[in-house]
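These notes concern the structure reproduced below.
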Amino acid sequence: MYPHEISAMRLSLLVLVAAALSAGAAAQMPPFLGGQGPPVVPGGQAQPVVGGPLSPEFYSQSCPRAERIIAEVVQSKQMANPTTAAGVLRVFFHDCFVSGCDASVLIASNQFAKSEHDAEINHSLPGDAFDAVVRAKLALELECPGVVSCADILALASRILVTMTGGPRYPISLGRRDSLSSSPTAPDVELPHANYTVDRLIQMFGAKGFTVQELVALSGAHTLGFSHCKEFADRLYNFRDKGGKPEDFDPSMNPSYAKGLQAVCRDYLKDPTIAAFNDIMTPGKFDNMYFVNLERGLGLLSTDEELFTDPRTKPLVQRYAANSTAFFDDFGRAMEKLSLFGVKTGADGEVRRRCDAYNNGPMPK
């Protein structure tokens with residue numbers, strides 16, 4: 001088992017908490033289909049595509065079965081390992097938001113060069129997600145060698161798995177090239193952290209061209225997956241209000257939920273793999289329950305809670321909680337925009353033979 005992964009047993013206590021909470025809630029708990037959900041995005045116009053336009057029909061002649069092959073592989077992987085969907089989404093976000101959607105996050109570090117894998121924020125990226133992309137690439141290389149980029153595989157796999165778990169189907173243009181570099185320091189600087197304020201998120205992501213609405217819509221991807229206890233432990237233990245008064249836990253949390261999390265995470269310092277569902281009610285289904293949960297004090301991360309309390313984001317949380325169609329529409333548009341962020345084409349990249357290694361070594365600095 002990968003060091004960052006967890007067992008269903010670790011989450012079973014929270015399943016019991018969810019069952020108790022759902023007695024007074026409209027939603028009911030389905031079988032476990034968890035995974036690791038991605039962070040979010042906010043600001044204006046996304047970065048332009050480098051090198052020219054992409055097209056949904058990019059592989060129609062060179063590899064016409066590309067999407068079908070990717071779908072068969074990743075859907076099979078999801079059925080065997082239900083953490084896959086949210087994991088792939090998180091890897092996709094971590095890839096796109098650092099240097100553009102160019103598969104730079106997939107490059108493995110070695111004795112000669114470090115990569116994005118070495119960034120602390122990427123240490124918890126789930127192994128099942130990387131495995132899904134590797135398997136899809138192997139299948140494609142048998143069908144049409146040297147044609148489909150790893151960046152396109154990751155983008156398509158994300159959309160396929162969102163749809164498979166109940167979410168919207170949104171357009172994905174193709175023709176991305178894979179990066180020729182991978183920075184070990186950029187992810188910790190450019191990706192959002194679990195304790196960021198809404199102010200910092202809006203400022204950070206606005207600079208990349210995303211709006212507040214897109215920030216909230218993409219946050220809804222937390223309807224899938226789980227987070228490790230260290231990411232929200234400050235809400236559960238030794239909590240103090242703004243005046244410095246000690247509290248048993250963050251009082252904005254539902255008390256039963258907070259106490260259940262305290263029990264689950266009790267030994268998280270000894271075992272950093274302990275985690276909890278981002279969406280305790282329907283953790284394996286892509287729906288709008290993440291937003292409904294925020295209204296009930298069932299948000300897991302401090303950034304989740306701030307979305308419901310900040311006046312710039314609260315109306316959007318309420319809109320998506322009340323209207324799943326509005327959430328799906330906005331999420332699909334935001335994901336389509338994200339998938340075009342900082343894309344490389346032509347001579348600005350390559351089509352890797354293996355997703356975890358450059359064809360001829362990294363581009364000289």
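The values are calculated or read from the model by the stated rules, or taken from the named source; none is laboratory data. Values in this document were obtained by computation on a predicted structure and should not be read as measured data. When we count neighbours, we look across all protein chains shown, and the Cβ atoms used for this are built from the backbone with ideal geometry, even at glycine. The accessibility values were calculated without ligands, DNA or RNA, using every heavy atom of the protein model including side chains. Shrake-Rupley method; radii C 1.70, N 1.55, O 1.52, S 1.80 Å.
Look at (1) outside any helix (DSSP H, G or I); (2) touching a Cys at 6+ places or on another chain (Cβ under 9 Å) and you find that GLN111 fails only one, number (2). Residues in the range 305-324 that are within 12 Å of ALA217 (Cα to Cα) and either open to solvent by less than 50 Å² (accessible area, probe 1.4 Å) or among the hydroxyl-bearing types (Ser, Thr, Tyr) (or both): 7 in all.
You will find that of PHE130, PHE112, the residue that is open to solvent by 50 Å² or more (accessible area, probe 1.4 Å), touching a Gly at 6+ places or on another chain (Cβ under 9 Å) and either under 22 Å from ASN359 (Cα atoms) or of a type in the set (Phe, Trp, Tyr) (or both) is PHE112 and no other. In this structure, ARG177 qualifies as farther than 26 Å from ASP304 by Cβ, in contact (Cβ under 8 Å) with a residue 12 or more places away in the chain and among the basic types (Lys, Arg).
Does at least one position in the range 52-66 carry a residue that is assigned to a loop (DSSP other than H, G, I, E, B), out of contact with any Cys (no Cβ under 6 Å at 6 or more places or on another chain) and of a type in the set (Phe, Trp, Tyr)? Working first, answer last.
Let us first name the residues in the range 52-66 that are assigned to a loop (DSSP other than H, G, I, E, B), namely 52-54, 56-65.
Those left that are additionally out of contact with any Cys (no Cβ under 6 Å at 6 or more places or on another chain): 52-54, 56-62, 64-65.
Remaining after also requiring of a type in the set (Phe, Trp, Tyr): 58-59.
Yes, the range 52-66 contains at least one residue that is assigned to a loop (DSSP other than H, G, I, E, B), out of contact with any Cys (no Cβ under 6 Å at 6 or more places or on another chain) and of a type in the set (Phe, Trp, Tyr).
Selection of the range 264-276 for residues being within 16 Å of PHE226 (Cα to Cα) and either touching a helix residue (DSSP H, G or I) at 6+ places or on another chain (Cβ under 6 Å) or open to solvent by 50 Å² or more (accessible area, probe 1.4 Å) (or both) yields VAL264, CYS265, TYR268, PRO272, ILE274, ALA276. Between ALA139, ALA151, ALA155, ALA85, the distinction of being assigned to a helix (DSSP H, G or I), more than 15 Å from the chain's Cα centre (by Cα), buried (at least 24 other Cβ atoms within 10 Å of the Cβ) and modelled with pLDDT of 95 or more belongs to ALA151 only.
State yes or no: is VAL343 open to solvent by less than 20 Å² (accessible area, probe 1.4 Å), β-branched (Val, Ile, Thr) and not assigned by the TED database to the domain that holds ALA258? Outline the logic, then answer.
Details: open to solvent by less than 20 Å² (accessible area, probe 1.4 Å): yes; β-branched (Val, Ile, Thr): yes; not assigned by the TED database to the domain that holds ALA258: yes.
Against the criterion (open to solvent by less than 20 Å² (accessible area, probe 1.4 Å), β-branched (Val, Ile, Thr) and not assigned by the TED database to the domain that holds ALA258), VAL343 qualifies.
Counting only residues that are of a type in the set (Ser, Thr, Tyr) and at pLDDT 95 or above, the range 269-298 holds 1 of them.
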